[in-house]
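This report refers to the structure that appears directly beneath it.
Bear in mind these aren't lab numbers, they're just calculated from the coordinates by the rules spelled out. Predicted model, so just to flag it, every value in this text is computed and none were measured. Virtual Cβ from ideal backbone geometry, glycine too; neighbours counted across all protein chains shown.
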Amino acid sequence: MPKLKTNKAAKKRFKITANKKILHKKANKSHILTKKSAKRIRQLGKKTELSAADRRVVKKMLPYDF
């Protein structure tokens, strides 16, 4: 059986913690920031944990990280 390939796009977008949680950046922080409040921009800067439904998909894309 051949080796599984890692999806490089997913590898760049997700971070796997030591406890095997998947973190990702929030959307809406790249441009058009003038109409967004400072609080909202600050909260968008934090990484957040992936939902359980999306977690299954990402685990298939990153076979050697789990």
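Think of the chain as having a plus end and a minus end, set by charges on the Cβ of Lys, Arg, Asp and Glu; of 18, 33, 1, 33 sits farthest toward the positive end of this dipole.
Roughly how big is region 8-61's charge dipole about its Cα centre, with Cβ charges of +1 (Lys, Arg) and -1 (Asp, Glu), in debye to the nearest 20?
Numbers: 21 positive and 2 negative charges, 21 e Å.
In total the dipole reaches around 100 debye.
Between the Cα long axis of helix 52-61 and the first principal axis of the chain there is an angle of about 50°, rounded to the nearest 10.
Shown is the FRET efficiency for residue 28 and residue 4, computed with R0 = 25 Å from the Cβ-Cβ distance and rounded to the nearest 0.05: 0.15.
Once the chain from residue 35 to residue 21 is taken as fully extended at 0.36 nm per residue, the excess over their C-alpha distance is 1.8 nm. Note on region 8-61: Cα-Cα pairs beyond 14 Å make up 59% of the total pair count. Per-residue ellipticity at 222 nm, computed for the chain from helices alone with -39500 (n - 2.57) per DSSP H run of at least four residues, works out to -9000 deg cm²/dmol.
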